[in-house]
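Taken together, the values in this text are just the output of simple stated rules run on the coordinates, not laboratory data. Bear in mind that the values here come from a model prediction, so they are computed numbers and not experimental data. So basically every Cβ, Gly included, is an ideal-geometry build from the backbone, and we count neighbours across all protein chains shown.
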Amino acid sequence: MTNFSYDRSEPAAANCFQADSARLILATHQRLLQRPLLAAEASGIDFAEQLYFAPIAVLAHDGATDPVFFYANLAAQRAFAMNWEEITRLPSRFSAEPVARAERQTLLERVTQHGYIDDYSGIRIAADGTRFRIERATVWNLVDDAGRRLGQAAAFARPEAL
């Protein structure tokens, strides 16, 4: 995974449900947290399909100065009221309301320093203006086999509408 490419095409059978992105997300979660992200990860390329259709929201942004989402499974798309094309063009800072962006930046800096956190709670905003709370979210660095940080990912269960 040393030459990772941010493929922003929507996961589907034709592209093996973004197997490279799914592998990066799942492998770094396992490596950093010492536990699988999904309850029973499938083998082969089924793991990528499993991640895309998982009941928990999973998003990942690239490592740019102003990171942009490159992955969002269906649960995340529903939470943010965006389709694949919309969410993978969104700078991740816009997933929080302007007043919450400083808090979000502090969170991301904690993740950068420690590799992950698994206790994040906060308010997010969907494209339709709906505000929702996420509880006990896990956020972790995405790191390739050579140790390069490629971005960050987040996972959370059922957001609560406000």
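Using a Gaussian network model of the chain in which every pair of alpha carbons under 10 angstrom is joined by a spring, one finds that among His61, His29, His114 the greatest mean-square fluctuation is at His114.
Taking the Cα centre of the range 1-131 as origin, sum charge times position over the Cβ atoms of Lys and Arg (+1) and Asp and Glu (-1), and report the length of that vector in debye to the nearest 20.
It works out to roughly 280 debye.
Between Phe94 and Arg78, residue separation times 0.36 nm minus the direct Cα-Cα distance comes to 4.2 nm. Among the chymotrypsin sites (Phe, Trp or Tyr not before Pro) in the range 56-88, none sits in a DSSP loop with a Cβ that has at most 16 other Cβ atoms within 10 Å.
Fully extended, how many nm does the chain gain between Arg110 and Asp7 (0.36 nm per residue separation, minus their Cα-Cα distance)?
Fully extending the segment from Arg110 to Asp7 adds 34.4 nm.
Per residue, the convex hull spanned by the alpha carbons of the chain comes to 105 Å³.
Positive-end ranking of Ala13, Ala54, Val111 along the dipole of the range 1-144, with charges on Cβ about the Cα centre, is headed by Val111.
Taking the chain as a Gaussian network of alpha-carbon nodes connected by springs under 10 Å, the highest mean-square fluctuation of the residues Ala102, Ala81, Ala48 belongs to Ala102.
Suppose R0 equals 22 Å; then what is the FRET efficiency for Ala39 and Asp119 from their Cβ-Cβ distance, rounded to the nearest 0.05? My answer for the efficiency is 0.65.
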